[in-house]
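The values are calculated or read from the model by the stated rules, or taken from the named source; none is laboratory data. Remember, it's a predicted structure, so these values are computed and weren't measured experimentally. Note that we place each Cβ from the backbone using ideal geometry, even for glycine, and neighbour counts take in every protein chain shown.
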């Protein structure tokens, strides 16, 4: 039976049905799209094994999991256009998942059921966060799942997805929300599999429970949540004030001090808007607030003197920047959400990356000096250098090594047929390899 009712209730929000593995796979991966792929991953003795399936191969994936030991099995949450599990290849978003590692929080002693009840009291019933459609007890934590009606993976929907999961992550941080699980290509544990990290055998099985709520759309979820900017303001104690319309003629031509860190920050955000081709919905208020704060920081003396001309200049500046967005904010939104006359903020590089979700690729193009960006840039430079020198790519190298191995296997087979009593050392000398390599080749021959 697909859904097993374990608790009677007339409340459609109650998670009273247990969902089995097969139903869960169907819910996520059944689609009308052609050439859609999903991924099942296993962590076998610390060896990560990833298998790719077409959306028409759900039964095969289910059978493979059932016939395995079902320990540490994970599934992707999006459908992809190819056998490569990266965000850029996402073509459908079936659900949004947030992973709560609450065992790292003060709520660690709660059972999954008690944790969900706590979340209901704090977020779901007060309608701060919409009720999820499902929860999964993963052994050491809980997944919250919002199933979506058909949602194609376009640039716009992927951006909206990224903003929504970031809002949920920020709001649920105190319950152990995992920042590493926000990516659209992330994988999560599957129902009816087992978590090897849990010692209590009664809690090892991963279980999913669903309610009777309808699936959501990204737009509906977005409307029921506060904006990312509102969440950030509350978290960091940032205050904005209503900007009054100025009477009379005030000179408001922005004046930039180019040899300052604040100016470098301004250039980076302007370049980021350009890289994203103006698609910044969810980040617009934050960007304009940040740019205005950086402009005020360049003129700190005037800021603390409460120079109205300075505020007019920064308003004129961000009003111009606002037109670079594909969907500009209204003048009322700019005047309400971007001005702070009481404090200048200090921003670390890490904070800027976190605020605007700057990807690794964007960091490299913006020349942001994080360790990850430096390492990735160095790798790319080395690959390019090897290419110019005529060195083989990794794929070409592996192909070449495979050919060499096949050749050695063929020669070893011939030698064994010709000299069945030859010793390992003699075979090694004839092949030009070590005796240990001879043993490896013999094992490979037996497996053929």
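Which ones in region 158-178 are in contact with a helix residue (DSSP H, G or I) (Cβ under 6 Å, 6 or more places away or on another chain), farther than 19 Å from residue 285 by Cα and part of a helix (DSSP H, G or I)?
If the condition is that a residue be in contact with a helix residue (DSSP H, G or I) (Cβ under 6 Å, 6 or more places away or on another chain), farther than 19 Å from residue 285 by Cα and part of a helix (DSSP H, G or I), then 175 is the only one that fits.
Say we look at region 12-35 and pick out the residues that are farther than 17 Å from residue 136 by Cα and either touching a residue at least 12 places away in the same chain (Cβ under 8 Å) or touching a strand residue (DSSP E or B) at 6+ places or on another chain (Cβ under 7 Å) (or both); which of these is surrounded by the fewest Cβ atoms within 10 Å (Cβ to Cβ)?
Across region 12-35, the extreme among qualifying residues is 32.
Of all residues in region 179-204, which are within 15 Å of residue 144 (Cβ to Cβ), in contact with a strand residue (DSSP E or B) (Cβ under 7 Å, 6 or more places away or on another chain) and assigned to a loop (DSSP other than H, G, I, E, B)?
Passing the criteria: only 191.
Got a number for residues in region 11-56 being in a helix (DSSP H, G or I) and over 21 Å from residue 184 (Cβ atoms)? Steps first, please.
First, the residues of region 11-56 that are in a helix (DSSP H, G or I): 21-29, 55-56.
So of that shortlist, the ones also over 21 Å from residue 184 (Cβ atoms) come out as 21-23, 56.
Residues meeting the conditions: 4.
Any residue at all in region 282-292 that's under 37 Å from the mean Cα position of the chain (by Cα) and either outside the structural domain of residue 330 (by TED's automatic domain parsing) or not in a helix (DSSP H, G or I) (or both)?
Yes.
Pairs needed: first member in region 302-313, in the same structural domain as residue 254 (by TED's automatic domain parsing) and closer than 14 Å to residue 343 by Cβ; second member anywhere, modelled with pLDDT of 90 or more and assigned to a helix (DSSP H, G or I); C-beta distance under 7 Å; at least 6 residues apart or different chains.
Within 7 Å, the pairs are 303/296; 303/310.
For residue 282, which of the numbered conditions (1) on the phi < 0 side of the Ramachandran plot; (2) surrounded by 14 or more Cβ atoms within 10 Å (Cβ to Cβ); (3) out of contact with any strand residue (DSSP E or B) (no Cβ under 7 Å at 6 or more places or on another chain) fails to hold?
If we test residue 282 against (1) on the phi < 0 side of the Ramachandran plot; (2) surrounded by 14 or more Cβ atoms within 10 Å (Cβ to Cβ); (3) out of contact with any strand residue (DSSP E or B) (no Cβ under 7 Å at 6 or more places or on another chain), just (1) comes out false.
Might you let me know whether region 246-262 holds any residue that is in contact (Cβ under 8 Å) with a residue 40 or more places away in the chain and either in a helix (DSSP H, G or I) or within 32 Å of the chain's Cα centre (by Cα) (or both)?
Within region 246-262, the first condition is being in contact (Cβ under 8 Å) with a residue 40 or more places away in the chain, and the residues that meet it are 246, 250-257.
The next check asks that each one be either in a helix (DSSP H, G or I) or within 32 Å of the chain's Cα centre (by Cα) (or both); those that pass are none.
Scanning region 246-262, I find no residue that is in contact (Cβ under 8 Å) with a residue 40 or more places away in the chain and either in a helix (DSSP H, G or I) or within 32 Å of the chain's Cα centre (by Cα) (or both), so the answer is no.
Among the numbered criteria (1) over 20 Å from the mean Cα position of the chain (by Cα); (2) at pLDDT below 90, which single criterion is violated by residue 23?
(2)
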